[in-house]
Amino acid sequence: MKFKYRRAEEADVPGIYEVMRDVERTMENPEMFCSDGPEFIARHIAKEGFILLAFFEEQMAAFLIVRYPRGEKDNLGIDIGLQEKELDKVVHMESVAVLQKYRGHGIQRELIKMAEAMLEEQMVHLLATVSPNNRVSLKNFCNLGYEIKLTKEKYGDKIRHIMYKERF
């Protein structure tokens with residue numbers, strides 16, 4: 001399968017939300033994925049980061065939301081003990097989802113590699129959360145150089161590995 005990739009635009013919000021909901025509905029374990037609403041998605045296109053999309057032919061197959069948490073209290077840099085002066089250099093690989101019929105083609109890894117290449121130079125602390133039950137996602141992050149820094153409850157009551165990679 002040949003996939004095309006591009007940066008999301010405002011008009012893509014409904015499609016991204018539909019992929020998010022479909023992935024949530026088809027996950028074997030609902031604890032493995034946390035979905036967000038259209039407002040959250042739109043904020044990451046407009047001002048809080050960016051979103052990358054993967055398409056097969058005309059169908060949106062996957063997305064990756066990249067977030068700059070800056071001084072927000074949910075900055076994962078706080079969880080792993082980064083000094084306050086380093087928190088503005090944190091980027092979250094916030095949410096990644098691949099429709100079930102397109103899994104197994106390396107889309108998640110490709111989206112993360114593309115996002116890393118697009119980051120501003122000063123963004124050196126790359127973080128993500130992964131469910132310990134999501135072996136595929138965990139393997140993808142580890143294969144891209146991320147390591148488990150901490151495991152704790154996040155998003156209310158869900159256990160997550162906090163993954164970390166330092167750029168440069």
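Odds and ends about this structure:
- Scope the stretch 14-26; condition surrounded by 18 or more Cβ atoms within 10 Å (Cβ to Cβ) and either of a type in the set (Val, Ile, Thr) or free of Cβ contacts under 8 Å to residues at least 60 places away in the same chain (or both); matching residues: 16, 17, 19, 23
Listed here are the residues, each with its yes/no results for (1) surrounded by 17 or more Cβ atoms within 10 Å (Cβ to Cβ); (2) part of a helix (DSSP H, G or I); (3) of a type in the set (Asp, Glu); (4) at negative phi.
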| site | (1), (2), (3), (4) |
| --- | --- |
| 73 | no, no, no, yes |
| 85 | no, yes, no, yes |
| 95 | yes, no, no, yes |
| 108 | yes, yes, no, yes |
| 116 | yes, yes, yes, yes |
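- Note on the stretch 97-106: residues that are buried (at least 16 other Cβ atoms within 10 Å of the Cβ) and part of a helix (DSSP H, G or I) amount to 1.
- Residue check: residue 131 meets all listed conditions (1) at positive phi; (2) in contact with a strand residue (DSSP E or B) (Cβ under 9 Å, 6 or more places away or on another chain); (3) among the small types (Gly, Ala, Ser) but one, namely (1).
- Residue count for the stretch 83-123, restricted to those that are free of Cβ contacts under 8 Å to residues at least 12 places away in the same chain and touching a Pro at 6+ places or on another chain (Cβ under 8 Å): 0
- Qualifying residue in the stretch 113-124 (condition: among the polar types (S, T, N, Q) and over 15 Å from residue 20 (Cα atoms)): yes
- The stretch 123-168, subset of a type in the set (A, V, I, L, M) and more than 18 Å from residue 96 (Cα to Cα), residue most open to solvent (accessible area, probe 1.4 Å): 150
- Top-ranked residue of the stretch 55-69 - restricted to ones that are aliphatic (A, V, I, L, M) and under 13 Å from residue 23 (Cβ atoms), ranked as most open to solvent (accessible area, probe 1.4 Å): 60
Here is a yes/no grid of residues against (1) of a type in the set (S, T, N, Q); (2) assigned to a strand (DSSP E or B); (3) open to solvent by less than 50 Å² (accessible area, probe 1.4 Å); (4) within 27 Å of residue 151 (Cα to Cα):
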residue	(1), (2), (3), (4)
6	no, yes, no, no
28	no, no, no, yes
40	no, no, yes, yes
53	no, yes, yes, no
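- Failed criterion for residue 153 (all others in (1) assigned to a loop (DSSP other than H, G, I, E, B); (2) modelled with pLDDT under 95; (3) not small (Gly, Ala, Ser) hold): (1)
The values are calculated or read from the model by the stated rules, or taken from the named source; none is laboratory data. The structure displayed is predicted, hence computed values, not measured ones. Note: ideal-geometry Cβ built from the backbone for every residue, glycine included; neighbour counts use all protein chains shown. What goes into the accessible areas is simple: the full protein's heavy atoms, side chains included, and nothing from ligands, DNA or RNA. Shrake-Rupley method; radii C 1.70, N 1.55, O 1.52, S 1.80 Å.
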